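K.L.:
Mind having a look at this structure? Questions to follow.
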Amino acid sequence: MLILTCPCCGVTAEETEFHPGGEAHLTRYGPGSSDDEFHGYLFEKVNPKGVHFERWRHANGCGKWFHAARCTVTLEVFGTYSAQTTEPPQHIKDKISAKRPGWSWREFA
Amino acid sequence: MSEAVSALNRASRDGFVRVEECGLQGMVSLRGDLDSAKLAKAVTAAAGLDVPETGRILASEGRSVAWMSPDELLLIGPYAEAEPMRTALDTELAGEHALAVNVSDARAMFRLSGRDADVREVIAKLCPVDMAPGVFEPGRFRRTRMAQIPAAIWMPEPGEMRVVCFRSVADYAMTLLGNAADKGGEVGVFA
Ligand SMILES: [Zn+2]
């Protein structure tokens, strides 16, 4: 079972209290972008075995969006953090490095 | 004027816990900056209470203020007081980036009563919330999932729980709570 802690209200609950929002830290290419950029934004999601970054919404709770760093194999959650950022904060990256040395995900490591 | 009625008009069901729909309740949703002194003053003017801390509910003299989210409170009181509460908030918050809405007729409230362990068990059957004594206690306010609907729960005192949900799903909520409280369905997990 995936257990998440919402950083907005502090509640810890299993995943049915939340709603997944897909891959985190996407660049939203829109008007003016190239076809390749727009195609990549729409379709080229990563599907890693291991460390992954996602957006979640506390849909049945405080209603707020946040980010989660977790392992897709073990469902271990390394940490959750604010939605108002374009990259994982250092303390989250440090937590992942402590448990999965040498990890990388897109441009982050 | 038409006569206002609550969703289930005080329907009740008796099992190992009693489940009642509470009838008409005054509820005002307030969104704004919960850290602002002006908002705190407005809440005190409207309900006579302070702004609760994260995940908490404050109650006094028939009024309650619950923490709904980082930018939302729910003020609860008698049905006839909802409009005066909303007006007081609007007056106090003039010029602020805030919104007060009377949602009394858009919500339903339920009261569960019985032995403390039994009341905890009925909620624990339906919500992914740790209802163990010492974990969930009076003063906590929790928005969560109750089977297939969103709900908010709190414990005014041991042996009593309150549940708020959308009015449109009041019948579903009553059936859920009633079934979970049916005699013969006791698990005794907190006994
Ligand atoms: Zn939350």
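K.L.:
Loop only per DSSP, at most 15 neighbouring Cβ atoms within 10 Å: give me the trypsin sites (Lys or Arg not before Pro) in the range A:44-106, ordered by residue number.
P.N.:
Passing sites in the range A:44-106 are A:Lys45, A:Lys49, A:Arg106.
K.L.:
Also, I was wondering about something else. Take every DSSP beta bridge with both residues inside chain B and express the antiparallel ones as a percent of the total, to the nearest 5.
P.N.:
Just about 100 percent of them are antiparallel.
K.L.:
Okay, moving on. Given the options A:Ala69, A:Ala13, A:Ala83, state which has the largest fluctuation in a GNM of chain A using a 10 Å cut-off (strictly under) for Cα springs.
P.N.:
Looking only at A:Ala69, A:Ala13, A:Ala83, the biggest GNM fluctuation is shown by A:Ala13.
K.L.:
Here's something else I'd like to know. Over the range B:26-105, calculate the relative contact order: mean separation of alpha carbon pairs under 8 Å at least 6 apart, over the residue count, as a percent.
P.N.:
43 percent
K.L.:
Of B:Glu96, B:Glu72, which has the most accessible area and how do the rest follow, probe 1.4 Å?
P.N.:
B:Glu96, B:Glu72
K.L.:
Once amide H atoms are built 1.01 Å from N in the peptide plane, which residues 5 or more positions from A:Thr72, or in another chain, come under 5 Å H to H?
P.N.:
HN-HN under 5 Å from A:Thr72: A:Gly50, A:Val51, A:His52.
K.L.:
Would you grab the residues whose amide H sits under 5 Å from the one on B:Arg143? Only those 5+ places off in sequence or on another chain, please, with H modelled 1.01 Å from N.
P.N.:
B:Ile153
K.L.:
For the range A:46-60, in order, what is each residue's ³J(HN,Hα) by Karplus, 6.51 cos²θ - 1.76 cosθ + 1.60 with θ = phi - 60°, in whole Hz (x at glycine and Pro)?
P.N.:
7, 9, x, 9, x, 5, 9, 10, 9, 9, 9, 10, 7, 5, 9
K.L.:
Just need the Rg to Rh number for chain B, please, alpha carbons only, Kirkwood Rh.
P.N.:
0.98
K.L.:
How large is the helix-only mean residue ellipticity at 222 nm for chain B, computed as the sum of -39500 (n - 2.57) over DSSP H runs with n ≥ 4, divided by its residue count, in deg cm²/dmol to the nearest 500?
P.N.:
Taking each H run of at least 4 residues, the total per residue is -7000 deg cm²/dmol.
K.L.:
Could you work out the relative contact order of chain A, using alpha carbon pairs under 8 angstrom and six or more residues apart, expressed as a whole percent?
P.N.:
Computed value for chain A: 24 percent relative contact order.
K.L.:
So what is the orientation-averaged projected area of the protein assembly as shown, using the convex hull of its C-alpha atoms, in nm²?
P.N.:
Mean shadow area of the hull around the Cα atoms is 19.9 nm².
K.L.:
At a threshold of 8 angstrom on Cα-Cα distance, excluding pairs fewer than six apart, so keeping six or more, what relative contact order does the range A:27-88 reach in percent?
P.N.:
Averaging sequence separation for qualifying contacts and normalising by length gives 22 percent for the range A:27-88.
K.L.:
Set the Förster radius R0 to 25 Å, insert the Cβ-Cβ distance between B:Thr54 and A:Ile3 as r into 1/(1 + (r/R0)^6), and round the FRET efficiency to 0.05.
P.N.:
Efficiency, rounded to the nearest 0.05: 0.80.
K.L.:
So what J values fall out for the range B:171-180 if you push phi through Karplus, 6.51 cos²θ - 1.76 cosθ + 1.60 with θ = phi - 60°, rounded to Hz, Gly and Pro as x?
P.N.:
Those phi angles translate into 5, 4, 5, 4, 5, 4, 5, x, 5, 5 Hz.
K.L.:
I would also like to ask the following. Can you pull out the chymotrypsin sites (Phe, Trp or Tyr not before Pro) in the range B:85-191 whose DSSP state is coil and whose Cβ has at most 15 other Cβ atoms within 10 Å?
P.N.:
When the chymotrypsin sites (Phe, Trp or Tyr not before Pro) of the range B:85-191 are filtered for loop state and at most 15 Cβ neighbours within 10 Å, B:Phe190 remain.
K.L.:
Okay, next question. Among all the lysines, which ones have a C-alpha under 18 Å from B:Lys183's C-alpha, if same-chain residues fewer than 8 places away are not counted?
P.N.:
B:Lys125
K.L.:
Given a Förster distance of 41 angstrom, what is the FRET efficiency for B:Ala37 paired with A:Asp35, based on the Cβ-Cβ distance and rounded to 0.05?
P.N.:
0.20
The values are calculated or read from the model by the stated rules, or taken from the named source; none is laboratory data. Everything numeric here is computed off the predicted structure, so don't read it as measured data. FYI the Cβ positions are ideal-geometry reconstructions off the backbone, even for glycines, and counts take in every protein chain you see. In case anyone asks, the SASA skips ligands and DNA or RNA and just uses the protein heavy atoms, side chains included. Shrake-Rupley method; radii C 1.70, N 1.55, O 1.52, S 1.80 Å.
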